[in-house]
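The values are calculated or read from the model by the stated rules, or taken from the named source; none is laboratory data. What you are looking at is a predicted structure, and each value in this text was computed from that prediction instead of being measured. Note that we place each Cβ from the backbone using ideal geometry, even for glycine, and neighbour counts take in every protein chain shown.
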Amino acid sequence: MTDGIRIAMWSGPRNISTAMMRSFGNRPDTYVSDEPFYAHYLAQTGRDHPGAAEVIAAHESDWRAVARALTGPIPEGKRVWYQKHMSHHMLQNMTRDWMPALRHAFLIRAPREMLASLAQKLESPTLADTGLPQQAELYDWVHERTGVRPPVVDARDVLEDPRGVLCALCAALGLEFTDAMLHWPPGLRATDGVWAKHWYESVARSTGFEPYRPVDPRLPKRLQPLAEQCDRLFQRLHAQRLRAPGC
């Protein structure tokens, strides 16, 4: 460990998590990491994700080595390390002794909007694939351990008021907000995982947060029971979300 601020942003898939990574990555004081436990997750679960074999080959699949790196010196001499995590990548074989070194935050999205997007990439998503059970459990773990409720941000709130919500999030994490977080250059990044070509098409075209656009709430019948399970977990976290005070 060296001095600096390490942020673990716990998200599920299709939650504007990559746009949030772009936002923090555009800060001059911040280094970003993209789903550092993804290779371990794929190697252990055998999930048939796009480009899974390439991900395992290109990235570290030993979670212990990843955790050591995430709590070590911040790359490039930066002061802040923003780590984009998928909560479902935290498998039961992984201990949490490395996690107290980080400041934790949670990114959520309305389940029907998330599932409509996720189902385009995974034919038959499960509750575990959404990351919501893991998010809820991790939220409780952080709260119980620290006595403080970690910040929760809703993707819709970010899109409707990027400046206000990001300002509130930075304050909750002990950072100063900067307007650099509102815009970024288009394209992929060296810090993106090799899976970027499968998942990041729209983000690669973006230069900032897109305005919120409602998604058709109707889902295929096969996804209705899953949507109901997700909604119960989502509402627990949504009740704790940050309200933007503005900057």
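Here's the yes/no breakdown for (1) under 25 Å from T130 (Cβ atoms); (2) touching a residue at least 24 places away in the same chain (Cβ under 8 Å):
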{"site": "F24", "(1), (2)": "yes, yes"}
{"site": "F37", "(1), (2)": "yes, yes"}
{"site": "A52", "(1), (2)": "yes, no"}
{"site": "A69", "(1), (2)": "no, yes"}
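Could you tell me which of the residues L188, L166 is within 18 Å of the chain's Cα centre (by Cα), under 26 Å from Y41 (Cα atoms), aliphatic (A, V, I, L, M) and at pLDDT 95 or above?
L188
Please verify whether the stretch 155-178 includes one or more residues that are surrounded by fewer than 17 Cβ atoms within 10 Å (Cβ to Cβ), free of Cβ contacts under 8 Å to residues at least 24 places away in the same chain and in contact with a helix residue (DSSP H, G or I) (Cβ under 8 Å, 6 or more places away or on another chain). Yes, there is a match, as at least one residue in the stretch 155-178 is surrounded by fewer than 17 Cβ atoms within 10 Å (Cβ to Cβ), free of Cβ contacts under 8 Å to residues at least 24 places away in the same chain and in contact with a helix residue (DSSP H, G or I) (Cβ under 8 Å, 6 or more places away or on another chain). Take the conditions (1) touching a residue at least 24 places away in the same chain (Cβ under 8 Å); (2) in contact with a His (Cβ under 9 Å, 6 or more places away or on another chain); T146 misses just one of them, which is (1). The set of residues in the stretch 17-61 being of a type in the set (A, V, I, L, M, F, W, C) and touching a Phe, Trp or Tyr at 6+ places or on another chain (Cβ under 8 Å) consists of A19, M21, F24, V32, F37, V55.
Picking from residues in the stretch 184-233 that are of a type in the set (D, E) and assigned to a loop (DSSP other than H, G, I, E, B), the one that is surrounded by the fewest Cβ atoms within 10 Å (Cβ to Cβ) is D216. Within the stretch 142-183, the residues that satisfy the criterion of being under 13 Å from M9 (Cβ atoms) and not in a helix (DSSP H, G or I) are P150, P151, V152, V153, L175. On the stretch given as the stretch 143-154, residues that are surrounded by 18 or more Cβ atoms within 10 Å (Cβ to Cβ) and either farther than 19 Å from P100 by Cα or of a type in the set (D, E) (or both) total 2. Scanning the stretch 72-100 for residues that are more than 18 Å from the chain's Cα centre (by Cα) and within 16 Å of Y31 (Cα to Cα) turns up G72, P73, I74, P75, E76, G77, K78, R79. Residues that are of a type in the set (D, E, K, R), touching a residue at least 12 places away in the same chain (Cβ under 8 Å) and out of contact with any Leu (no Cβ under 9 Å at 6 or more places or on another chain) within the stretch 181-217 comprise R189, D192, R205, D216, listed in sequence order. In the stretch 234-243, of all residues being in a helix (DSSP H, G or I) and hydrophobic (A, V, I, L, M, F, W, C), the one that is farthest from G164 (Cα to Cα) corresponds to F234. Which pairs have Cβ atoms under 7 Å, sit 6 or more apart or on different chains, and link a residue in the stretch 6-18 that is more than 22 Å from K197 (Cβ to Cβ) to one that is of a type in the set (A, V, I, L, M) and modelled with pLDDT under 95? Cβ pairs passing all conditions: R6/A101.
Counting the residues of the stretch 24-39 that are of a type in the set (S, T, N, Q) and in contact with a His (Cβ under 9 Å, 6 or more places away or on another chain) gives 2. Of the listed requirements (1) of a type in the set (D, E, K, R); (2) within 25 Å of R218 (Cβ to Cβ); (3) at pLDDT below 95, R145 misses just one: (2).
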